[in-house]
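The values are calculated or read from the model by the stated rules, or taken from the named source; none is laboratory data. Computed from a prediction, not measured in an experiment: that's the story for all the values here. So basically every Cβ, Gly included, is an ideal-geometry build from the backbone, and we count neighbours across all protein chains shown.
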Amino acid sequence: MSYQLASEYDVVGVGFGPSNLALAIALDDCARHQRQSCRALFVERQPNFKWHGGMLLPGSNMQISFLKDLVSLRDPTSPFTFINYLHKSGRLLDFTNCRTFYPSRIEFNDYLGWVAGQFGSMVAYGETVVAVEPVSSGQSVAALRVVTRTQDGTEQSRVARNLVAAVGGVPHVPAMFRAIAGDRRMVHTSGYLESPVIGEMKGRAPRVAVIGGGQSAAEVTLDLSERHPDVRIDLVFRGHALKPSDSSPFVNEIFNPDYTDYFHSREQSQRAAIISSFRNTNYAVVDPDLLDQLYRMTYQQRVSGERKLALHPRSEIVSAEAGLDGITLELFNKDEDVRHRETYDVVVLATGYERSPIPTFLDPISRYIESSALERDYRLQTSPGFRPQVYLQGCSEISHGLSDTLLSVLPMRAQEITASLVPSMAGRRSPEQGPHVVEPVYS
């Protein structure tokens, strides 16, 4: 064991997806316009920037306007807008000729990567945060020790005066699939494009079950049918029918930043009622244009008499087994009260994501956390004497509304967190003093 001085930062961000990317822009704005510098570092487990890489499907488009990028709604003159990205890429006029507000998902990922590239010096890629520990000063906690681990097992510690976590969701694997989740023929949509088994289906007529009734399930179903013309797909979902998402203008106002104020001020029971009322904007629903494509596909099957896509509404998976011949599912039709078994070459889970209210790497400071409910500025409520501020992005739907996991509020949320951070940065140690915490280094 050797010892070295741990690097010290005003802010350490955990994760470098769109949420903390928007925060990096807001912190940069604060430094340039308010002359309030901030020593920040973002730690990202991926080796490089990629946004939902497993679902960057050809032909898939964004479901929100490009104006809801990382910064436009807060500062349309920013150099980090989607429009400036198009200008710098030499495609602004060409995009205008497309006459759309909805760029492809591939292009929007490229835009995000373009912005991320401009903050590369502030990001440690290929590191996973494994623990956030208290650094005491007398009777108080003065800072946080952020411990990370690379793929080769190397650990590193950094000291943070404040922390902003934006780690996204974890793929949800329903209980009946967990015992065989490691089978390569089991694919969650989060890793759909990166799965070798999807590419290996070429040249034969595989059977695939797609589980789920939302946007991802519909997109994968269409992609599979185009990628592998001979594929036979069973789309299995619990609802009575595939339902359209509601993106009408009045309903869309629930994603406006000022609606977060309203939502946060409601009682818990009222918040739950609001989420239930507007679930059809985001959960188990499909873009209407995509529904039209799926329906036309099923209609053409009726015309040709060739069945390649079968919809199984009102159906549940009772059990799943992995065998030499494939993945065998026991399906239960709730209407007919009938069970039957089918074997598939591949099962694709379009079952969404789970989000923990408080990430597990915060367990070492759990005794200082007074409530999992966040303040309006996304801060965790902590006990007296705990001086670092800890912010959580993307895991507070129950307190901040349906927009919390979406792109719509990123610019304003980043600005709110930055404004909350500024007072704590004003009294920091001067750079000349340098880091002051000695940390052990394990190799």
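Assorted remarks:
- Verdict on THR328 being modelled with pLDDT of 95 or more, farther than 19 Å from ARG271 by Cβ and exposed (fewer than 15 other Cβ atoms within 10 Å of the Cβ): no
- Selection within the range 334-362: residues that are among the hydrophobic types (A, V, I, L, M, F, W, C) and more than 30 Å from TYR259 (Cβ to Cβ). The member of this set that is surrounded by the fewest Cβ atoms within 10 Å (Cβ to Cβ) is VAL338.
- Test result for GLN270, assigned to a helix (DSSP H, G or I) and touching a Leu at 6+ places or on another chain (Cβ under 7 Å): no
- ASP292 meets each of the listed conditions (1) at pLDDT 95 or above; (2) buried (at least 16 other Cβ atoms within 10 Å of the Cβ) apart from (2).
- Verdict on SER371 being of a type outside the set (Phe, Trp, Tyr), closer than 30 Å to SER396 by Cα and either touching a Ser or Thr at 6+ places or on another chain (Cβ under 9 Å) or not assigned by TED's automatic domain parsing to the domain that holds ILE180 (or both): yes
- Any hit, the range 19-32, residues being without any contact (Cβ under 8 Å) to a residue 12 or more places away in the chain and either part of a helix (DSSP H, G or I) or closer than 30 Å to VAL220 by Cβ (or both): yes
- Candidates SER65, SER72 - the one that is modelled with pLDDT of 95 or more, small (Gly, Ala, Ser) and surrounded by 19 or more Cβ atoms within 10 Å (Cβ to Cβ): SER72
- Count of residues meeting criterion [on the phi < 0 side of the Ramachandran plot and either without any contact (Cβ under 8 Å) to a residue 24 or more places away in the chain or crowded, with 17+ Cβ neighbours inside 10 Å (or both)] in the range 280-289: 6
- Breaking point among (1) of a type in the set (D, E, K, R); (2) assigned to a loop (DSSP other than H, G, I, E, B); (3) within 17 Å of ALA116 (Cβ to Cβ), for ARG35: (3)
- Helices (runs of 4 or more DSSP H) completely within the range 158-266 that count 2 or more residues being touching a Lys or Arg at 6+ places or on another chain (Cβ under 8 Å) and at negative phi: 196-199, 257-264
- Across the range 363-392, the number of residues qualifying as buried (at least 17 other Cβ atoms within 10 Å of the Cβ) and of a type in the set (Asp, Glu) comes to 0.
- Of the criteria (1) surrounded by 16 or more Cβ atoms within 10 Å (Cβ to Cβ); (2) within 24 Å of ASN61 (Cα to Cα), which one ALA131 fails: (2)
- Residue in the range 299-315 that is surrounded by the fewest Cβ atoms within 10 Å (Cβ to Cβ), counting only those that are closer than 16 Å to LEU242 by Cβ and at pLDDT 95 or above: TYR299
- Within the range 208-224, at least one residue is assigned by TED's automatic domain parsing to the domain that holds THR328 and either surrounded by fewer than 12 Cβ atoms within 10 Å (Cβ to Cβ) or over 30 Å from SER408 (Cβ atoms) (or both).
- All told, SER276 falls short of being outside any helix (DSSP H, G or I) and of a type outside the set (D, E, K, R).
- Residue selected from the range 186-206 under the condition of a type outside the set (Val, Ile, Thr), crowded, with 17+ Cβ neighbours inside 10 Å and out of contact with any Pro (no Cβ under 6 Å at 6 or more places or on another chain), by the criterion farthest from GLU226 (Cα to Cα): MET186
- Residue check for THR150: surrounded by fewer than 22 Cβ atoms within 10 Å (Cβ to Cβ) and β-branched (Val, Ile, Thr): yes
- If you go through the range 290-333 and keep only what is over 19 Å from PRO229 (Cβ atoms), without any contact (Cβ under 8 Å) to a residue 60 or more places away in the chain and not hydroxyl-bearing (Ser, Thr, Tyr), you end up with ASP292, GLY323, LEU324, ASP325, GLU330, PHE332, ASN333.
- Positions within the range 340-384 being among the aromatic types (Phe, Trp, Tyr), within 19 Å of the chain's Cα centre (by Cα) and outside any loop (DSSP other than H, G, I, E, B), in sequence order: TYR353, PHE361
- Residues that are assigned to a strand (DSSP E or B), touching a Leu at 6+ places or on another chain (Cβ under 8 Å) and either under 17 Å from SER403 (Cβ atoms) or in the same structural domain as ARG184 (by TED's automatic domain parsing) (or both) are absent from the range 290-305 altogether.
- Enumeration of residues in the range 246-260 that are surrounded by 14 or more Cβ atoms within 10 Å (Cβ to Cβ) and of a type in the set (S, T, N, Q): SER247, ASN252, ASN256, THR260
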